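Shown next, in structure tokens, is the structure this report addresses.
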Amino acid sequence: MKLLYQSFEIMNLLKNADVPVGGAAVEWYTWIRAFRKLGCEFGLLTWRGASNAVKKKYDFDFVESYDLNKGIPKIRLITYRIPSFYKSIKKYNPDFIMQGCATMNTGILAFIAKLLGKPFIHRIGSDMDVDGRIDRTFSKWYLSIYYYGIRNASHISCQNKYQYNILIKRYPNKSISILHNPYFIKEHSYTKNNEKEYIAWVGNFRYEKNLPALAKIAVELPQYKFKIAGTKFAKTDEDSAKGLVKLEKLINVEFVGHITNDSIPEFLSKAYCLLNTSRLEGFSNTFLEAWAVGVPVISTKNVNPDNIITDYNVGIITDSYEDLPQVLDDLIERKKHKEFEQRCIEYVSNNHNPIKLAEKFLQDMKDCIK
């Protein structure tokens, strides 16, 4: 099997760049490693010059397309970028073309795949990509291209049942499946008997993460230290800006900035818990990163993908944000966080094995073209 996945953002992860990196990049780097372990050839479709930008050597191909700075701005999508994608994909000649998250490239790659007679595989990146909330974010033109890609995908891979149920109802004859995010779990020396120091929060600073709710919780729990790992985007939305203003004034809150993917386990291992204040998620990789080092996730009912947190008892779910301070205080004061450690590690090990999930992903792709 020869696979080609398109992403520009994953380059920031591979370069260890000090910029916000979305969960999809972390997830897909895991998929790539798993597919390679299964013997698949794998190409990363990215921008021209990308292979020279990374310092490490990787065992997959960098398939370079267009120069980010070339082309006439208003017409370069049609006259330069799409043709560059087409030429690069045709030359690499993959068995499957893959792409994740809601972008114009979903539609562009679906169109190119059709021209080349290749199956196009799309991986959903968030609940908002399927339930209509994305319609308030992008222009009608942008959305029309994205939805073209969804309609013309040979197979759609979902992160959870919520996404699957919406899509299968909308496209009853389409090949659609559910695969939870993969995670390579390792035995870390710092996961056991580690001294807990703070409540951890991890994420990029954007509306969906609900920073005002985080600020309110930190105000109500001045006796506990909060460590926030994350960075701003080039433009901060108004909601996040309000939350940041409040958080920056609190003496029990420390901003630790961007933390590399390799450093996340150690950061989380020193936390009583991972606090999630998001308004929505698909399947957060930070949950897997926390559970892998025995740390429970505390969240509201807004974010409990497939009821995993409650069904597997790997954290605590509250009905509202107002309930979170009491739950956090009880967890730490009564040392209840220790009860979750082994259960969290076992859950990730048993249910998010990358090799098993990649085998299922490959089978889903093969089945969609039968």
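Expressed per residue, the C-alpha convex hull volume of region 284-348 stands at 75 Å³.
Would you mind classifying the chain by shape? Square roots of the alpha carbon gyration tensor eigenvalues, ordered a ≥ b ≥ c; an a/c under 1.5 is rounded, otherwise it is prolate if a/b is larger than b/c and oblate if not.
Working: a/c = 1.75, a/b = 1.60, b/c = 1.10.
Prolate.
What percent do you get for the relative contact order of region 189-351 when only Cα pairs under 8 Å and 6+ apart count? Relative contact order here is 23 percent. Model label points for N351 and Q363, set 7 angstrom from Cα along the Cα-to-Cβ axis, are 1.9 nm apart. Residues considered: K90, K74, K338. Largest GNM mean-square fluctuation over the chain, using C-alpha springs under 10 Å, is found at K74. For region 189-351, a/c is less than 1.5, where a ≥ b ≥ c are the root eigenvalues of the C-alpha gyration tensor. That puts it in the rounded class.
Projecting the Cα atoms of H155, L13, P296 onto the charge dipole of the chain, computed from C-beta unit charges around the Cα centre, puts H155 farthest toward the positive end. Compute the relative contact order of the chain as a whole-number percentage, counting only Cα pairs closer than 8 Å that sit 6 or more residues apart in sequence. It rounds to 15 percent for the chain. Excluding same-chain neighbours fewer than eight residues apart, the aspartates and glutamates reachable from K140 by a Cα-Cα span under 17 Å are D129, D131.
For region 42-144, count all C-alpha to C-alpha pairs, find those more than 22 Å apart, and express that count as a whole percent of the total. Of the Cα pairs, 39 percent sit more than 22 Å apart.
Ordering of 276-287, 295-306 by packing is 276-287, 295-306, highest average first (other Cβ atoms within 10 Å, averaged per residue). Contact order for region 164-260, expressed relative to its length and based on alpha carbon pairs under 8 Å spaced 6+ residues apart, stands at 27 percent.
We did not get these values from a lab; they are worked out from the coordinates using the rules stated. As the structure is a prediction and not an experimental result, all values here were calculated from the model. Don't worry about glycine lacking a Cβ; one is built from the backbone with ideal geometry, like all the others, and counts go over all protein chains shown.
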